[in-house]
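Trainee: There's a structure below that I have some questions on.
The values are calculated or read from the model by the stated rules, or taken from the named source; none is laboratory data. Since the structure is predicted, the reported quantities are computational estimates derived from the model, not experimental observations. Every residue, glycine as well, gets a Cβ built from its backbone with ideal geometry; the counts of neighbours run over all protein chains shown.
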Amino acid sequence: MLKLIKNKINELESIIEEYQDQLFSFAFFRVGSYDIAQDIVQDVFLKFFQNKKTLASVENVKTYLFKSISNACMDYKRKYGKIKTISIEFASNNVVDEEKTAEEKMCIAEFVRIEDLMSELSAEQKEVIKLKFVDGLNFVESSKILNVSVNTVKSRYRYGMDKLKQTDKIKGKYYE
């Protein structure tokens with residue numbers, strides 16, 4: 001019994017080490033708060049560990065964890081109302097805040113940059129592009145997380161990228 005628990009802990013440690021940064025980034029870009037994103041990721045890992053059947057029954061751990069984080073972020077939004085998106089001015093001020101760690105400042109700066117670039121996209125297009133570029137997920141993984149078909153994910157991605165290429169914010173910088 002002790003050996004089984006030890007194996008489960010070792011497996012969980014390797015899963016945490018492999019996915020923690022990606023999952024934090026995923027949560028952060030959904031809730032816009034460094035602390036809340038950390039709490040959500042920790043809660044999901046804790047529930048994952050406490051559920052004895054989970055490790056054995058999950059086919060794709062990565063997709064399962066991303067879907068769990070996605071659900072936790074939606075639960076947070078439902079519980080606390082609409083998430084107050086960080087304004088660019090507020091976030092920019094927080095980047096120079098002396099109390100923030102370098103990692104927090106970097107996350108906030110990246111959040112501001114990405115939100116600014118994608119401000120003209122629909123929520124669906126924005127989500128698919130974040131899943132692809134911020135979270136590093138493929139279209140199949142994204143479709144499972146969003147509960148839509150792979151073709152829907154591909155079309156949202158394509159239309160979103162086309163729209164981004166036309167925006168003045170990146171026109172001339174990356175595309176001509």
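Trainee: Considering GLU104, GLU98, GLU141, which residue is at pLDDT below 85, surrounded by 15 or more Cβ atoms within 10 Å (Cβ to Cβ) and charged (D, E, K, R)?
Mentor: Just a single option satisfies the conditions, and that option is GLU104.
Trainee: Additional query: Would you check if LYS154 is of a type in the set (D, E, K, R), at pLDDT below 80 and farther than 19 Å from ALA37 by Cβ?
Mentor: Judged against the criteria, LYS154 is not a match.
Trainee: Now for a different question. Being within 20 Å of MET118 (Cβ to Cβ) and modelled with pLDDT of 90 or more is the filter here, so list the residues in the range 29-50 that pass it.
Mentor: Hit for the range 29-50 is ALA37, nothing else.
Trainee: Could you list, in sequence order, all residues of the range 116-138 that are of a type in the set (Lys, Arg) and either under 21 Å from TYR19 (Cβ atoms) or at pLDDT 90 or above (or both)?
Mentor: Within the range 116-138, LYS130, LYS132 qualify.
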